[in-house]
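The values are calculated or read from the model by the stated rules, or taken from the named source; none is laboratory data. Predicted model, so just to flag it, every value in this text is computed and none were measured. Note that we place each Cβ from the backbone using ideal geometry, even for glycine, and neighbour counts take in every protein chain shown.
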Amino acid sequence: QIHMASPEKIDSRGALIVLEGLDRCGKTSQCGRLHSYLEESGHAVELWRFPDRNTGVGQMISSYLANQSNLDDRAIHLLFSANRWEKRSLMESKLRSGTTLIVDRYSFSGVAFSSAKGLDVEWCKAPDAGLLAPDVVIYLDISPEKAAERGGYGGERYEKLEFQKTVAQSYKALSDSTWKIVDATLSIEDVEKQLKGIVMECVEMCQHGKPFSQLWR
Ligand code: NYM
């Protein structure tokens with residue numbers, strides 16, 4: 001009896017797509033556009049965001065951001081991280097079942113915003129080690145000054161020009177050659193066009209069985 005080598009089984013899955021950037025960079029509208037586009041073209045897709053304010057931890061974060069409570073810088077950092085951990089297993093099962101996730105902020109926001117307050121970068125990264133790594137990180141690039149000109153900030157904690165300048169530097173230090181940097185000062189349509197290209201390539205790689213990896217390895 002002859003045994004043929006069986007071809008590698010391809011585990012098709014959804015893509016984990018993360019958008020990052022300063023406040024007012026246009027992330028949230030672009031996430032919405034990508035979600036509609038993928039949905040209309042027949043893909044299983046969900047729009048996620050961090051912080052997820054719907055959980056118990058998320059409500060603590062939300063009240064902190066609204067200046068309704070004060071927390072030690074390290075305590076709030078760990079809450080943001082816990083908020084991602086509480087969604088980790090759902091995230092993995094969605095991806096395994098073939099659903100692509102468009103995620104508005106993730107661990108990079110966690111590190112960029114907390115390290116901008118002066119916390120050590122490695123300390124900031126540590127609690128997120130072992131979360132699923134995104135298949136692509138898209139950074140919507142805009143100067144803090146330009147972002148501030150866009151209809152003003154919402155008045156939440158962190159939404160101040162001086163602080164955003166420091167956050168921009170933290171993002172720069174955190175980014176690596178795998179990040180897709182998109183000029184967020186282009187028209188909404190031009191940004192969207194670039195994002196679609198990046199996202200479709202990534203979705204395809206995941207359909208062809210791109211393996212999962214974890215932060216920060
Ligand atoms: N933020 C967001 C953090 O400081 N750490 C994190 O881990 C995450 C996910 O929360 N200014 C900050 C960035 C934003 C704020 O986000 C709320 P949004 O996208 O405005 O809801």
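I'd like the full set of residues that are of a type in the set (V, I, T) and under 19 Å from P127 (Cβ atoms), limited to the range 200-217.
none
Conditions (1) within 14 Å of the ligand (Cβ to nearest atom); (2) over 14 Å from I17 (Cα atoms); (3) surrounded by 14 or more Cβ atoms within 10 Å (Cβ to Cβ), marked per residue:
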site	(1), (2), (3)
I76	yes, yes, yes
S89	no, yes, no
T100	no, no, yes
D104	yes, no, yes
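Say whether the condition of being modelled with pLDDT under 95 and either under 30 Å from K117 (Cα atoms) or touching a Cys at 6+ places or on another chain (Cβ under 6 Å) (or both) is met by at least one residue in the range 202-217.
yes
Considering the range 158-173 alone, what residues qualify as being in a helix (DSSP H, G or I) and in contact with a Lys or Arg (Cβ under 9 Å, 6 or more places away or on another chain)?
F163, Q164, T166
Hey, could you check the range 21-44 for residues that are part of a loop (DSSP other than H, G, I, E, B) and more than 16 Å from the ligand (Cβ to nearest atom) and say which is surrounded by the most Cβ atoms within 10 Å (Cβ to Cβ)?
It comes out as H43.
Give me the pairs, please: first residue somewhere in the range 153-179 and more than 21 Å from L215 (Cα to Cα), second residue anywhere and near the ligand (Cβ under 9 Å from one of its atoms) and among the charged types (D, E, K, R), beta-carbon distance under 6 Å, and either six or more positions apart or on two chains.
Close Cβ pairs (under 6 Å, with a partner that is near the ligand (Cβ under 9 Å from one of its atoms) and among the charged types (D, E, K, R)) amount to Y153/E159; E159/D23.
Kindly indicate the residue of the range 45-60 that is part of a helix (DSSP H, G or I) and not polar (S, T, N, Q) and also farthest from the ligand (Cβ to nearest atom) among those meeting that condition.
Among those residues, the one meeting the criterion is G56.
May I ask you to say which residue of T55, T99 is over 21 Å from V199 (Cα atoms) and among the β-branched types (V, I, T)?
Criteria check complete, one pass: T55.
Please go through (1) buried (at least 16 other Cβ atoms within 10 Å of the Cβ); (2) within 16 Å of the ligand (Cβ to nearest atom); (3) part of a helix (DSSP H, G or I); (4) modelled with pLDDT of 95 or more for V199 and return the number of the only condition it doesn't satisfy.
Of (1) buried (at least 16 other Cβ atoms within 10 Å of the Cβ); (2) within 16 Å of the ligand (Cβ to nearest atom); (3) part of a helix (DSSP H, G or I); (4) modelled with pLDDT of 95 or more, only one is false for V199: (2).
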